[in-house]
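Colleague: First the structure, which I've put down as structure tokens, then a few questions once you've had a look.
The values are calculated or read from the model by the stated rules, or taken from the named source; none is laboratory data. In this text the structure is predicted, and so the values were computed from the model without any measurement. Ideal geometry is used to build each Cβ from the backbone, glycine not excepted, and the neighbour counts take in all protein chains shown. Just so you know, the surface numbers come from the protein's heavy atoms only, side chains and all, with ligands and any DNA or RNA stripped out. Shrake-Rupley method; radii C 1.70, N 1.55, O 1.52, S 1.80 Å.
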Amino acid sequence: MAGRVLAQFGPGPTRTPSRLRSIPAETTAAKAKDPNWKAPRTPWGHPDLSGIWTSDDMRGIPTTRPASQKDRESLTPEEFARRAGGDEASRDRAVNQETVLRNEFGVRTFGYTSFLVDPPDGQMPALTPAGQAKQRASFGVGTFGNRPFNDFEDFTLYDRCITRGVGGIFPVLYGNGLRIMQTPDEVIISYEMIHDTRVIPLDNRPHLGSAIKQYMGDARGHWEGDTLVVETTNFTDRVGFSGPNSEKLRLTERFTRIDPQMIDYRIRVDDPVMYTAPFTIRFTITQQPGYQLYEYSCHEGNGAVGNALSGERAYEKSVADAVAKGLPIPPRTMGMEVYTGGPVEGREAVREFGVSK
């Protein structure tokens with residue numbers, strides 16, 4: 001574990017980085033050190049992507065690039081040192097101080113300025129008018145929002161333990177693991193959170209008919225050299241990758257093993273109904289010491305819908321009682337700080353995914 005606490009940088013405390021975290025992790029990849037490095041092969045000759053991976057090392061990297069870094073994909077040495085120190089402090093807090101909801105955190109620090117790598121300035125393309133309308137309509141929905149809870153449709157598919165979509169690879173509070181399995185004719189990807197599993201055929205079969213729509217879409221894969229390319233269509237308009245999506249959404253993912261413990265992952269998001277241009281996100285998914293995927297019994301332990309609905313009814317009663325007595329209307333509080341990283345009395349604020357350091 002890291003040593004003494006350093007001076008304050010940015011939004012939170014920092015600690016002396018571990019030896020592994022003191023160098024931008026992308027520069028240590030086998031492929032970065034030797035361009036001729038080749039990924040291990042399966043018995044039938046495909047690049048071997050199998051294993052348990054996570055996006056935990058990506059926590060804290062912003063989705064879009066700060067304006068001061070718009071012309072570069074990598075941090076300066078000074079910026080990296082601040083991020084690495086902040087990551088070390090966040091890991092110490094997650095592992096040694098926080099609740100069981102927060103005891104996952106990566107062991108490496110990457111020097112990426114943003115997840116977005118295309119457009120080259122790292123900025124999300126503008127939404128179309130249809131995209132803006134859908135974003136407004138969905139704003140505040142769910143347990144992370146502030147709208148009243150009147151029935152189950154006021155909750156997201158995430159709240160209801162149905163799916164996070166293909167975006168289940170995004171690093172969040174916990175459960176960022178995924179298992180990749182391979183056969184000669186398929187690649188199978190199982191996400192830890194909400195236990196979605198995608199079976200991706202490699203046999204050149206056509207996509208499903210356009211009338212069939214699915215939350216995770218209809219995926220087809222093929223190899224381009226050492227890279228697995230997955231093209232996914234046939235989405236519903238309920239969930240895609242990130243942000244609003246339409247049924248016209250098309251995703252193109254690229255998985256390239258660049259190290260015994262690293263896979264370069266890139267996804268191109270093309271939805272002309274919602275966005276004025278396509279965009280590309282880049283992660284590096286990695287292996288973590290001792291990481292295991294456990295059963296994710298989301299429905300079995302999910303009290304969000306029932307408790308939120310009963311809480312809303314209790315709040316409505318308290319409002320009615322206050323009005324009847326001529327008292328001020330009580331505030332409607334959400335109490336989701338444990339998830340959002342907002343201030344909690346007696347605890348330091350916790351940096352979460354998408355927050356720039």
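Colleague: Which members of region 230-268 meet the condition of being acidic (Asp, Glu) and farther than 18 Å from Leu202 by Cα? Walk me through it before giving the result.
Modeller: First, the residues of region 230-268 that are acidic (Asp, Glu): 231, 237, 247, 253, 259, 264.
Answer for region 230-268, where residues must be acidic (Asp, Glu) and farther than 18 Å from Leu202 by Cα: Asp237, Glu247, Asp259, Asp264.
Colleague: State whether the residues of region 76-90 include one that is part of a loop (DSSP other than H, G, I, E, B) and either of a type in the set (A, V, I, L, M, F, W, C) or farther than 21 Å from Pro24 by Cβ (or both).
Modeller: No: region 76-90 contains no residue that is part of a loop (DSSP other than H, G, I, E, B) and either of a type in the set (A, V, I, L, M, F, W, C) or farther than 21 Å from Pro24 by Cβ (or both).
Colleague: Out of region 212-246, which residues are crowded, with 18+ Cβ neighbours inside 10 Å and aliphatic (A, V, I, L, M)?
Modeller: Hits for region 212-246 are Met216, Ala219, Leu228, Val230, Val239.
Colleague: Criterion first (surrounded by fewer than 20 Cβ atoms within 10 Å (Cβ to Cβ), among the polar types (S, T, N, Q) and assigned to a strand (DSSP E or B)) does Thr280 satisfy it?
Modeller: Taking the combined requirement at face value, the residue satisfies it.
Colleague: Please indicate, with yes or no, whether at least one residue in region 154-165 is within 15 Å of the chain's Cα centre (by Cα), assigned to a helix (DSSP H, G or I) and in contact (Cβ under 8 Å) with a residue 40 or more places away in the chain.
Modeller: No, every residue in region 154-165 fails to be within 15 Å of the chain's Cα centre (by Cα), assigned to a helix (DSSP H, G or I) and in contact (Cβ under 8 Å) with a residue 40 or more places away in the chain.
Colleague: Across region 127-153, what is the total count of residues that are free of Cβ contacts under 8 Å to residues at least 60 places away in the same chain, more than 19 Å from Ser246 (Cα to Cα) and open to solvent by 30 Å² or more (accessible area, probe 1.4 Å)?
Modeller: So the answer is 1.
Colleague: Of all the residues that make up region 106-126, how many are buried (at least 22 other Cβ atoms within 10 Å of the Cβ), assigned to a loop (DSSP other than H, G, I, E, B) and either touching a strand residue (DSSP E or B) at 6+ places or on another chain (Cβ under 7 Å) or modelled with pLDDT under 95 (or both)?
Modeller: Total meeting the criteria: 6.
Colleague: Write out, first by first residue and then by second, each pair whose Cβ atoms fall under 7 Å of each other, whose residues are 6+ apart or on separate chains, and whose first residue, in region 189-211, is farther than 20 Å from Glu224 by Cα and surrounded by 13 or more Cβ atoms within 10 Å (Cβ to Cβ) while the second is at pLDDT 95 or above and among the charged types (D, E, K, R).
Modeller: Filtered contacts from region 189-211: Ser190/Arg179; Leu208/Asp218.
Colleague: With Arg72, Arg93, Arg65 as the choices, which residue is open to solvent by less than 50 Å² (accessible area, probe 1.4 Å), at pLDDT 95 or above, over 20 Å from Thr286 (Cβ atoms) and charged (D, E, K, R)? Spell out the reasoning first.
Modeller: Details: Arg72 fails: open to solvent by less than 50 Å² (accessible area, probe 1.4 Å); Arg93 fails: at pLDDT 95 or above.
Only one candidate passes the filter, namely Arg65.
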